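Below is one structure, written out as structure tokens, with a few remarks after it.
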Amino acid sequence: MPQLPAPDYPADVRTRLEADAKEIIARYPDSRSALLPLLHLVQAEEGHVTRTGVRFCAEMLELTTAEVTAVSTFYSMYRRKPGGDYQVGVCTNTLCAVMGGDAIFEGLKEHLGVGNNETTEDGKVTLEHIECNAACDFAPVVMVNWEFFDNQTVESAKRLVDDLRAGEQVTPTRGAPLCTYQETARILAGFPDERPGAVEAGGGAGPASLVGLRLAKGEMTAARVVSPRGEFPQKPPQPGSEHLSSHDAPQPTSSSDPDHPAGPVAEEGE
């Protein structure tokens, strides 16, 4: 059935969001380019992108609600339904999977009693599998509200979600201290993180990510790669044993070798 038009925000909320939205839009020469951060802004207000949020973005940017909906449903960082205070994402892409990501994800589903993109009854944790956290050198990786928790195990991941649900302070392996999903969404909308020390703590790559750069700068010597079973002397090639390509010498074919003809050996129909 057709839905009624989405309700508007309360007047005080609308006034506050309009001020924030105008600040975001002013950063771009084309107002349409502000759609992604505006979606984060409305997500910061309600915890997910609601029909009211879609209507607000459309009105501020002079777009249709269909255009805004198409964008908000394309990107996985925008929620389509209410979720928890902490979005726990487990990488299940190739490297993390073989290093234990699949086991972590299955373990957390059983431990929390939820499936993919489902939220615990207390509203604290939403669990999701992620295709790649872009941190393969620290596999397996779990992210909480887009902050890294590296080199996880099934047991460490269970302790992590237990601490989140209990309200304990949890410190990411790298990056800024954790905040709620809605607070994270406001930061992603482009507003500064005003928590003391948060910006200074927002580290980037870890040591494992920087090995290639250190090698390129000559700051360390590359390790010599050897066979795990030891090195064995290579026998010199025997005369005539080398492989010749068709560019090196003509090779016998079915057309030039009557003793090895190609095609059927019997008359047609036999």
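The values are calculated or read from the model by the stated rules, or taken from the named source; none is laboratory data. Quantities reported herein were computed from a predicted structural model and do not represent experimental measurements. Glycine also receives a Cβ, built like all others from the backbone with ideal geometry; neighbour counts cover every protein chain displayed. To get the accessible areas, we keep the full protein, side chains included, count just its heavy atoms, and leave off ligands, DNA and RNA. Shrake-Rupley method; radii C 1.70, N 1.55, O 1.52, S 1.80 Å.
Nonpolar atom fraction for the range 18-63, defined as the carbon and sulfur part of the 1.4 Å probe accessible area, stands at 45 percent.
How many Å² of accessible area per residue for the range 44-167, probe 1.4 Å? Ligands and nucleic acids excluded, the result is 47 Å² per residue.
Which lysines have a Cα lying under 16 Å from the Cα of residue 109, excluding residues fewer than 8 positions away in the same chain? Partners found: 124, 158.
The residues packed around residue 190, meaning those with a beta-carbon under 12 Å from its beta-carbon, carry a net charge of -1 if Lys and Arg are +1 and Asp and Glu are -1. Summing Lys and Arg as +1 and Asp and Glu as -1 over all other residues whose Cβ lies under 11 Å from the Cβ of residue 179 gives a net charge of -3. Only the Cβ atoms of Lys and Arg (+1) and of Asp and Glu (-1) were treated as charged; on that basis the dipole of the range 132-194 about its Cα centre amounts to roughly 140 debye. The loop-placed GluC sites (Glu not before Pro) in the range 121-195, going by DSSP, that have at most 15 neighbouring Cβ atoms within 10 Å of their Cβ come out as 121, 131, 168, 194. Within the shell defined by Cβ-Cβ distances under 12 Å, the residues around residue 4 carry a net charge of +2, with Lys and Arg each +1 and Asp and Glu each -1. Once C-alpha pairs closer than 8 Å and six or more residues apart are averaged by separation and normalised to the residue number of the range 1-133, the relative contact order reads 19 percent.
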